[in-house]
Amino acid sequence: MFRLAAASEPFRAAVPDELVPVVWAVTMLGSAKFLMVGLSLAYWNLEAHREKLLALVSTAFLALAATLLLKYWFHLPRPPVAVQRYPVDPSPVGFPSGHAISATVVYGGVLVVADRYRDPRAVLGVGALVLAVGLSRVVLGVHYLGDILAGFAVGLVALGVLVVALERGATAVFALAVALSVPAVVVTGGNADATLALGGSLGALAGTVGRSAGVFDGGRIRTRAERALLSVGGLVFAGAAVAIAETVESLLLLAGVANFALAFGIVALPALAGRADALADPRAAD
């Protein structure tokens, strides 16, 4: 009853099949890969907000671990295949919605990081976006309405963690994400998402500790060419790491190492700021 299966049907019926591609585009705004790319680009390029964005990244990793732990703890199935209008990911469990959690954490977190959470128009706009992502999952038939509402609730709790991370730094939150990822790996049987949560949290923690020690302290990007080089190079690296992790996802240790390298690289990349031009053209260092 709490999953609101009957209440979900009107949402699916209200959207004709012709509009499913549009709904699919909306649901992608809450996908883990899309949000990872967006957060990475923001973290690399917005030097003035880099520490706050790192706190948001740490909260996103914590939310991922919590999502997996909750999903496989409850182990409640998705809606039947007959009502699904979208090729669902391999995860057979549907409560709570990971898209609803991640959209609430990331888009709501941007409001907090940008100090716009007191602006009614900004809150309304972000709220509408998060609601659209959540309802898109119901329309596509891969979640019930109760899954979405539970996801929003978990996401709001995670935003409370973000406030703490902004005050005390990201290191403790990454450490908490690591601690939460261990039982997530156990309850999921070591699936690909769990190795991302554990390996990624460890890698990001290592990178953050290195930054705190000054080893990977990021400098300021000097030119547009350097900005483009760092961004494109970072995305190529991230894409390669994700591809490797997905290729070896059945091998828990190797997948964990690939995800460790992915998160570590994302956190440490700003250390190349001021050096990227020299790396691209060694003569620039002379």
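The values are calculated or read from the model by the stated rules, or taken from the named source; none is laboratory data. All figures in this text were calculated on a predicted structure; none of them were measured in a lab. Every residue, glycine among them, receives a Cβ derived from its backbone with ideal geometry; neighbour counts consider all protein chains shown. Quick note on the areas: whole protein, heavy atoms, side chains included, nothing else; ligands and nucleic acids left out. Shrake-Rupley method; radii C 1.70, N 1.55, O 1.52, S 1.80 Å.
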(request) Using a 1.4 Å probe and counting only protein heavy atoms, arrange 49, 99, 75, 143 so the residue with the most accessible area comes first. (result) 75, 49, 99, 143
(request) Using a 1.4 Å probe over the heavy atoms of the protein chains, calculate the carbon and sulfur portion of the accessible area of the stretch 11-102 as a whole percent. (result) 76
(request) Hey, can you grab everything whose amide H is under 5 Å from the amide H of residue 93? Only 5+ residues off in sequence or another chain; H modelled, so Pro and N-termini drop out. (result) none
(request) Sticking to Cα atoms, compute the Rg of the stretch 1-103 to one decimal and its Dmax as the biggest Cα-Cα distance, whole number, in Å. (result) 16.4, 49
(message) Show me, for the stretch 173-183, the HN-Hα J-couplings you get by feeding each phi into the Karplus relation (A = 6.51, B = -1.76, C = 1.60, θ = phi - 60°), rounded to Hz, glycine and proline as x.
(response) 6, 4, 4, 5, 5, 4, 4, 6, 6, 4, x
(request) Answer with one residue from 108, 202, 134: the one whose Cα lies farthest towards the positive end of the charge dipole of the chain, charges on Cβ with Lys, Arg +1 and Asp, Glu -1. (result) 108
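Treating only the Cβ atoms of Lys and Arg (+1) and Asp and Glu (-1) as charged, compute the dipole magnitude of the chain about its Cα centre; round to the nearest 20 debye.
On the way: 20 positive and 18 negative charges, 78 e Å.
My answer is approximately 380 debye.
State the percentage of accessible surface on the stretch 120-168 attributable to carbon and sulfur atoms; use a 1.4 Å probe and exclude ligands, DNA and RNA. Each step should come with its number before you reach the end.
On the way: 1600 of 2140 Å².
Using a 1.4 Å probe with all protein chains present, the stretch 120-168 comes out at 75 percent carbon and sulfur.
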(message) 7 Å from Cα along Cα→Cβ at both residue 164 and residue 228: what's the point-to-point distance in nm?
(response) 4.4
(message) How would the stretch 155-209 be classified by its alpha-carbon gyration tensor: rounded, prolate or oblate, with rounded meaning a/c under 1.5 and the a/b versus b/c comparison settling the rest?
(response) oblate
(request) Taking only protein heavy atoms into account and a 1.4 Å probe, give the accessible area per residue of the chain in Å². (result) 48
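So what's Rg/Rh here for the stretch 43-149, counting alpha carbon atoms and using the Kirkwood radius for Rh?
Ratio of gyration radius to Kirkwood radius for the stretch 43-149: 1.04.
DSSP loop trypsin sites (Lys or Arg not before Pro) in the stretch 79-184 with at most 10 other Cβ atoms within 10 Å of their Cβ, which ones?
For trypsin sites (Lys or Arg not before Pro) across the stretch 79-184 that sit outside H, G, I, E and B with at most 10 neighbouring Cβ atoms in 10 Å, the list reads 118.
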